[in-house]
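Asks: Sharing a structure with you now.
We did not get these values from a lab; they are worked out from the coordinates using the rules stated. This one's a predicted model, so the numbers in the text were calculated from it and none came from an experiment. Backbone-built Cβ (ideal geometry, glycine too); neighbour counts: all protein chains shown.
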Amino acid sequence: MTDSPLADLHEEPVRLPDFVARLPGGRYRTLNPATKATFALVEALVAFAVRGWTGPTTMLVVGLAAAAWAGLLGRTLRVLVITSPLVLSIMLVNTFLYPGATDVLWRIGPLAATAEGLTAALQAVLRVAAFVVSVAVFSFTTPADDLLADLERRGLGRRAEFVVGAALQTIPRMRERAAEIADAQRSRGLDTEGSRWRRVRGIVPLAAPMVFGALSEVEEQTMALEARAFSAPGRRTVLRTLPDSAAQRAVRWLTGLGAVVAVAGSLAGWLRLP
Amino acid sequence: MTLRLVAATYRYAGAAAPTLHDVELRLEPGRVLGVVGPNEAGKSTLCLVASGLAPATIGGHLAGSVTLDGLETASLRPHELAQRCGVLFQNPATQLSGTTRTVLEELAFGPRNLGLPLPEVLARVEWAAAVLGLEALLDRDPQRLSGGQAQLVALASVLALRPGHLVLDEPTSQLDPQGTRLVGEALGRLAAETGTAVLIVEHKTGLLARLADEVLVLDAGAVVRSGSAAEVLADVALEAHGVEPPPAVGLVRALEAAGLAVDPALLEEAAG
């Protein structure tokens, strides 16, 4: 036996070291990223496209159940709270300014709250909440590199994968670089804190070196990629394969098909739900 | 397995005059060729031309001949060039793909681009990591390495494509003495043990004195001196071309200036 992290590479079939395989653990997280993406997509689609209360309410309940199963209910509810300004504006605009509504519930000055407006507002809020929950559960349970690895296995092109992967990895790097530039500018007497106006004025000397610095590196990065055969023809070798199963594939197809039928039925009028 | 430039003249796109003029060089397997010269001498351009990136990737006009293993670089596609000639630039941060979570995945980036079978990809990763002594870093985040470590990872990433030639543009310019030593030792081992031909542009002549078999002096885009590393680096005319001699050569000269007799063999040894 050896302690080398590559010791298992000589086994047949090849077993990747754990730090590369990064197999997800825990309830819901172990599902294949495509399965979780399908669930999120279906929840959002049905919540927005199926008329009435049933679609958004069911999808919100399903989303919250998934969050609870994954042990993420508290975190998901906190995300919902963050959307409260949007929820408030939806409520106010729809309740008081719903076009054509006549059944007035109460008046505040020149504005009248209507029952139709309130109904539309509550349904819209349910739709937004279901969408937010679906996105939150998906993003909390699916690391970006898991999703990209799975999409690559399913045929996503190397350029698309690189663009998304590089963009995701660039964010923390740009944040670090911004902090370094801000420190350098402060050491030269630039005020980047304090009042809002001072902070706004501090953006230009902060942003310019960041943008120009990033642009100046692009050519060298392009050449470095070419030097590593980035433009080679054919498919890239798939390194990480995340677990999938026939049962999950079946669930994905059934769920997707069910969502399409529900949406089509609702829009065509033959699926009448409260 | 030879890199050869014959009367190579290169002009950047939009430039009025060429940056390189009639450059001749020949690099055999297992040999290390150092390139020195003042700023704006055309050293980085020589790296781009020798590796085939110019004009293939950045455009411009090349006259004369640049061949890798007897094939004109102009006739090779970028991924074919990458398998014959690895190239490394100054800044470690721009050498890494920026898309990987571990050093192992970073090293696998190039071989995966070639679509090699997974066992072959991993064998190459294992080999490249072993050559540069990077096994202990394989689980680390490439973005969280020191400058020297990051440069070694970038070098290993290029090596994983198994090129017969390496072109390195000031690979230690952003490294501290320890990082410089790490890279220098790794390159020496690589050339000696794998027969890789190395062309290295360096301002640190002390490193070249230890590493290079031959040195070429470039000034204003032309080769003004070439020969064995010991001979060229001990040449008093080197400073006229804006190149500092290695510290050991400077020390010997200082001793001589102070009236202390120095054995000429010592000068040779110090430079070599």
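Asks: Rounded to whole Hz and in sequence order, give me ³J(HN,Hα) for the range A:250-258 from the Karplus expression 6.51 cos²θ - 1.76 cosθ + 1.60, θ = phi - 60°, writing x for Gly and Pro.
Replies: Per-residue couplings from phi come out as 4, 4, 4, 5, 5, 5, x, 5, x Hz.
Asks: Also, I was wondering about something else. Quick query: amide H of B:Ile200 versus all other amide H atoms, modeled in the peptide plane; which residues come in under 5 Å with a sequence gap of 5 or more or a different chain?
Replies: Amide H neighbours of B:Ile200: B:Leu33, B:Gly34, B:Val35, B:Leu168.
Asks: Using +1 on the beta carbon of Lys and Arg, -1 on that of Asp and Glu, and nothing else charged, what's the dipole of the protein assembly as shown about the Cα centre, debye to 20?
Replies: Values: 49 positive and 54 negative charges, 669 e Å.
Here the protein assembly as shown has a charge dipole of around 3220 debye.
Asks: Of A:Ala44, A:Gly74, A:Trp106, which is farthest along the charge dipole of the range A:40-140 in the positive direction, counting Lys and Arg as +1 and Asp and Glu as -1 at C-beta?
Replies: A:Gly74
Asks: Once you've got the GNM for chain A with C-alpha springs shorter than 10 Å, pick whichever of A:Ala40, A:Ala149, A:Ala250 has the biggest mean-square fluctuation.
Replies: Result for chain A, Cα springs under 10 Å: A:Ala250 fluctuates most.
Asks: Further question: In chain A, which longest range has no GluC sites (Glu not before Pro) that are both DSSP loop (not H, G, I, E or B) and surrounded by at most 11 other Cβ atoms within 10 Å? Don't skip to the end; give the middle numbers.
Replies: Numbers: sites that count: A:Glu11, A:Glu193.
The reported range is A:12-192.
Asks: What ranking do A:Phe48, A:Phe230 get, fewest neighbouring Cβ atoms within 10 angstrom at the top?
Replies: Working: A:Phe48 16, A:Phe230 20.
Ascending Cβ contact count within 10 Å gives the list A:Phe48, A:Phe230.
Asks: Between A:Leu73, A:Leu239, A:Leu111, find the one with the highest GNM mean-square fluctuation for chain A; connect C-alpha pairs within less than 10 Å.
Replies: It is A:Leu111.
Asks: Moving on to the next point. Taking every residue in B:4-15, how many Cβ atoms of other protein chains lie within 10 Å of its Cβ, on average?
Replies: Neighbouring Cβ atoms belonging to other protein chains average 0 per residue here.
Asks: Something else now. When averaged across all projection directions, what area in nm² does the alpha-carbon convex hull of the protein assembly as shown cover?
Replies: Answer in nm², one decimal: 36.7.
Asks: Next question. To the nearest 10 degrees, how steeply does helix B:103-113 sit against the main Cα axis of chain B, on a 0 to 90 scale?
Replies: 80
Asks: Just counting partner chain Cβ atoms within 10 Å, what average do the residues of peptide B:100-111 show around their Cβ? Each step should come with its number before you reach the end.
Replies: Numbers: counts 5, 9, 5, 3, 8, 7, 1, 0, 5, 7, 6, 5.
Counting Cβ atoms of other protein chains within 10 Å of each residue's Cβ and averaging gives 5.
Asks: Let me ask you something else. Please identify the trypsin sites (Lys or Arg not before Pro) of the range A:114-181 that satisfy two criteria: DSSP loop assignment and at most 13 other Cβ atoms within 10 Å. Which are they?
Replies: Filter output for the range A:114-181: A:Arg154.
Asks: Please list, ordered by chain and number, the residues whose modelled amide H lies under 5 Å from the amide H of B:Gly64; skip anything fewer than 5 residues away on the same chain.
Replies: B:Thr9
Asks: Moving on. Compute the long axis of helix A:158-187 from its Cα atoms, compare it with the longest principal axis of the Cα atoms of chain A, and write down the angle in degrees, 0 to 90, nearest 10.
Replies: For A:158-187 against chain A, the angle is about 90 degrees.
Asks: Residues of B:81-89, mean number of Cβ from any other protein chain within 10 Å of their own Cβ, rounded to a whole number?
Replies: Per-residue shielding by partner chains comes out at 3.
Asks: Here's another thing I want to ask about it. If amide hydrogens are placed 1.01 Å from N in the peptide plane, which non-local residues have theirs closer than 5 Å to the one on A:Leu105?
Replies: The list, which skips near neighbours in sequence, is A:Ala113, A:Thr114, A:Ala115.
Asks: I've got another one for you. Could you give me the ³J(HN,Hα) list for the range A:105-116, computed from phi with Karplus coefficients 6.51, -1.76, 1.60 and θ = phi - 60°, whole Hz, x at Gly and Pro?
Replies: Going residue by residue, I get 9, 7, 10, 10, x, x, 8, 10, 7, 10, 5, 4 Hz, with x marking Gly and Pro.
Asks: Mind checking which of A:Ala120, A:Ala47, A:Ala37 has the largest fluctuation in a GNM of chain A, springs on alpha carbons under 10 Å?
Replies: Ranking A:Ala120, A:Ala47, A:Ala37 by mean-square fluctuation puts A:Ala120 first.
Asks: Can you work out the Karplus-derived ³J(HN,Hα) for every residue in the range B:154-165? Use 6.51 cos²θ - 1.76 cosθ + 1.60 with θ = phi - 60°, whole Hz, and x for glycine or proline.
Replies: The phi angles translate into 4, 5, 5, 5, 6, 5, 4, 7, 6, x, x, 10 Hz.
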